1. Here's a check for you: in segment 38-59, which residue that is without any contact (Cβ under 8 Å) to a residue 60 or more places away in the chain and not in a loop (DSSP other than H, G, I, E, B) is surrounded by the fewest Cβ atoms within 10 Å (Cβ to Cβ)?
2. If you take the residues of segment 234-251 that are modelled with pLDDT under 90 and either in a strand (DSSP E or B) or in contact with a Gly (Cβ under 7 Å, 6 or more places away or on another chain) (or both), which of them is farthest from residue 74 (Cα to Cα)?
3. Considering only segment 363-403, state which residues are outside any strand (DSSP E or B), of a type outside the set (A, V, I, L, M) and buried (at least 19 other Cβ atoms within 10 Å of the Cβ).
4. Of the conditions (1) assigned to a loop (DSSP other than H, G, I, E, B); (2) without any contact (Cβ under 8 Å) to a residue 24 or more places away in the chain; (3) surrounded by 12 or more Cβ atoms within 10 Å (Cβ to Cβ), residue 169 fails just one. Which one is it?
5. If we keep just the residues of segment 349-362 that are in contact (Cβ under 8 Å) with a residue 12 or more places away in the chain and of a type in the set (Lys, Arg), which is surrounded by the fewest Cβ atoms within 10 Å (Cβ to Cβ)?
6. Can you find, within segment 174-205, the residue that is farthest from residue 127 (Cα to Cα) among those that are outside any strand (DSSP E or B) and in contact with a helix residue (DSSP H, G or I) (Cβ under 9 Å, 6 or more places away or on another chain)?
7. Within segment 125-142, count every residue that is within 14 Å of residue 178 (Cα to Cα) and either part of a helix (DSSP H, G or I) or not assigned by TED's automatic domain parsing to the domain that holds residue 191 (or both).
8. Which of the residues spanning segment 280-302 are part of a loop (DSSP other than H, G, I, E, B) and buried (at least 18 other Cβ atoms within 10 Å of the Cβ)?
Amino acid sequence: MKSVKRVLIVSFVLVLVMVATAFILPSIKQVNSLPDEMVVTFSDIEQSNKDNQFSPVINLELPKNIDVAANGELTNTVMSIKLFNFFTIKKVNVRLLADTDVYVGGETVGFNLFSEGVICVGSNAIATADGVKEPVKESGILEGDAILKIEDIEIETVQDIDRIVNLPNYAGKELNLTIKRNGNEQQIKVTPVYDLLGQKYKLGLWVRNNASGVGTLTYIKQSDYRFGAVGHPIVDSSLGENFSVGSGNIYKCRLLGIKKGEKNNPGEIRSTINLSDDAIGLADTNCEYGVYGNILNKTIIDPNRTADLGGRLSVKLGDAKIYCALDNGGVKAYDVKIIKANKQKTADDKSMTIKVVDKELLSKTGGIIQGMSGSPIVQDGKIVGAITHVFVNDPTLGYAVYVDWMINN
C-alpha cells in the first residue's frame with residue numbers, strides 16, 4: 001500500500017514538474033531572445049512586470065540606488081531577469097534613459113549631407129605619353145573609400161584633389177593618401193599621371209562629397225534639441241551604400257503632392273527643398289538607424305505634441321498611431337496596428353510589422369509611401385518606433401524600427 005502511495009506521489013510530482021516546465025520554458029526562451037545590450041526606461045520595466053510580459057513568475061529588476069544621469073542622458077547599468085524573484089536567468093547590459101520627454105516629429109524634411117573628405121565613386125583611364133594608365137586601380141583605392149588627405153593636406157572638395165596633385169613639388173611624384181575604409185583610416189600610395197588631353201596631372205578618380213534625401217523627423221529631445229529621423233540610412237545612389245557624414249544641413253520641405261501607392265508600385269511624397277533657404281538644423285550622423293543632428297530653428301517644433309521615448313518592452317500588438325505631414329495642413333496622427341514585434345538580439349530596421357487601418361490615410365496614400373520613413377509610431381503616450389520600409393506587394397503593410405535602436409545616437 002505504501003509503495004502504491006509513493007508511486008502516486010512521485011507521479012504527481014513528475015506531472016507538476018512537466019506542467020511547470022511546459023509553462024516556463026517558452027517564457028525563458030522569450031527572455032533569451034532579448035539582446036545582451038539594450039536601452040530601457042523605468043516605466044518600460046514597471047509596465048513589463050505589471051503586464052507579466054514574459055510570465056507571472058518572471059520579473060525584471062534594476063540595481064538598487066542607481067546613480068541616474070539627468071537631462072536625458074543614458075546611464076549604463078545591468079538589468080537582472082529573475083525567475084520566482086530569486087533565480088537570475090539572464091543579465092542584460094542596459095542603457096537606462098530616465099528623462100525621456102521628447103517632441104513628436106512627423107514633419108517631412110530634406111537633408112543635404114557632406115562627407116568627411118571626398119568619396120571615390122569610380123575611376124577612369126588616362127591617355128599618357130606611355131599609353132593608357134589607370135593609377136587609381138593600380139593603387140588599390142576602392143569605390144566607397146573616403147579620401148581624407150593627400151600628403152597631410154586635408155581634402156574638403158573635389159577641386160582640392162586636382163589642385164594638390166598639380167602643385168610643383170608633388171607633380172608626377174608618388175603621393176601618400178590617407179583614406180577611410182569601413183570606418184578605419186589607412187595609408188595608400190598613388191602616383192598621378194600626366195593627361196595629354198587635359199594637359200595636367202590626374203589620378204583618374206571620380207569623387208563626390210555630398211548626398212541628399214528626404215525623410216520624416218521622428219523625435220526631438222526637449223533637453224538638447226537633438227533629433228532622430230528617417231529610421232534607416234540615407235544611401236549614396238552611386239554606390240548603393242550608406243553615405244558617411246562629416247557634416248550636413250536639414251531643411252524644411254515644400255510639399256508638392258502625393259503619388260498614391262499600389263501593389264508592386266510604391267508611392268511617394270513629392271516635395272522639394274531649396275538649398276538657398278536657411279537650414280533648420282545641422283546633421284552629423286548617418287547610420288543604420290537614421291540621420292541625427294541638432295535642431296536650430298525651433299519654429300518647426302509643436303510644443304503641444306509631446307511623448308516619452310519607450311523601448312521595445314513598451315511595444316504591444318494592437319492599436320497605435322503614426323504621425324506624418326501629407327499636405328500643407330501640417331502633421332496629423334493616423335491609425336495603424338502593430339501586428340508583429342520581432343525578438344531581436346541584433347540591430348535591424350525591421351523590428352516590427354505595422355498595418356495602416358486609417359481610412360483617410362489609405363485614401364490619400366494607399367498606405368505607406370516613400371518619404372514617410374521616420375514617421376514616429378506612438379502607443380500609450382510613448383514613441384516606440386519609426387516606419388522604415390513598405391511591403392512592395394501590399395502598401396498597407398510596412399516595417400518599423402524599435403526606437404531604442406535609434407536613441408543611442
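1. Looking at the filtered set, the residue picked out is 50.
2. That would be 239.
3. 365, 366, 367, 371, 373, 374, 375
4. The one condition residue 169 does not meet is (3).
5. That would be 350.
6. Going through the qualifying residues, I end up with 191.
7. 2
8. 280, 289, 301 - these are the residues of segment 280-302 that are part of a loop (DSSP other than H, G, I, E, B) and buried (at least 18 other Cβ atoms within 10 Å of the Cβ).
The values are calculated or read from the model by the stated rules, or taken from the named source; none is laboratory data. Being a predicted model, the structure only gives us computed values, none of them experimental. We place every Cβ from the backbone using ideal geometry, glycine too, and count neighbours over all the protein chains shown.
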